[in-house]
Amino acid sequence: MQKLNPTAQNPYNTDAAFDWLYPERIQLLSKRHWTPMSVARKAAHFLSQGEKKKILDIGSGVGKFCLVGAIYYPAATFYGVEQRQELHNYALDAQDALKVNNAHFIHGNFTQLNLDDYDGFYFYNSFFENLDKGDRIDHEIEYSTSLYVYYSKYLSRALEMRPAGTRLVTFHSLGDEVPNAYQLVDASDDFLYKSYIKR
């Protein structure tokens, strides 16, 4: 399979088509847990502004945001960090199927990374599973309210240390991880999508 060209006909240009890259169990989680194509493209456009940007998806799941971003914004490099080995493997499989070389997937906890290595951040509230007992992806990792608080504070402190001009997009976030120094510059009508730039 040749590498996809976003300006040509793309067979994976809808959410339903993209879901076919994954097994049925993963497809069934799509509407609730994976970024919609329209949101991924909008977020990637905002985050990729400038030269050779490195963008990190915190809690990247099966890699949908990174792969969509990488296809449509080839000048940027997209990184996804995911602590579930199974989801990480599915992201690698989808990347292989799409022949995308400007997306990279890291298996681990985001607290193990140096966020100084990245220019922009995408966050589809991966911490919320710690609060929502009824809608978790699986039971392979530890959940607790204290982990939600810890992760949110950790990310907020890390984002606070980033330089002025750093870009952040959140989706379905409660906002606990967004420092006050980040100015809201755009939001969807329902306020589920928000983009920020650090002052």
HN-Hα J couplings of the range 28-34 from phi, Karplus 6.51/-1.76/1.60, θ = phi - 60°, integer Hz, Gly and Pro as x? 5, 8, 4, 4, 9, 10, 10
Scan of the chain for GluC sites (Glu not before Pro) in DSSP loops with at most 13 other beta-carbon atoms within 10 Å gives a longest site-free stretch of 52-139
At 1.4 Å probe size, put ARG84, ARG199 in order of accessible surface, largest to smallest. ARG199, ARG84
Using a probe of 1.4 angstrom, how much of the accessible area of the chain is carbon and sulfur, in percent? 49 percent
Amide proton proximity set for ASN102, modelled H, under 5 Å, gap of 5+: none
For the ranges 25-32, 184-191, 96-103, what's the packing order if you count other beta-carbon atoms within 10 Å of each residue, average per peptide, and put the highest first? 96-103, 25-32, 184-191
Quick one: what are the phi-derived ³J(HN,Hα) couplings along the range 119-125, Karplus 6.51/-1.76/1.60 with θ = phi - 60°, whole Hz, x for glycine and proline? 9, x, 9, 10, 9, 9, 2
Straight-line reach from LYS99: which lysines have a Cα under 21 Å away, not including same-chain ones fewer than 8 places off? LYS3, LYS52, LYS53, LYS54, LYS64
When the convex hull of its Cα atoms is projected in every direction, mean area for the chain (nm²): 10.7 nm²
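The values are calculated or read from the model by the stated rules, or taken from the named source; none is laboratory data. Bear in mind the structure is a predicted one, so any value in this text is a computation, not a measurement. Using ideal geometry, Cβ is built from the backbone for each residue, glycine included, and neighbour counts are taken over all protein chains shown. These area figures cover heavy atoms from the full protein model, side chains too; ligands, DNA and RNA do not enter into them. Shrake-Rupley method; radii C 1.70, N 1.55, O 1.52, S 1.80 Å.
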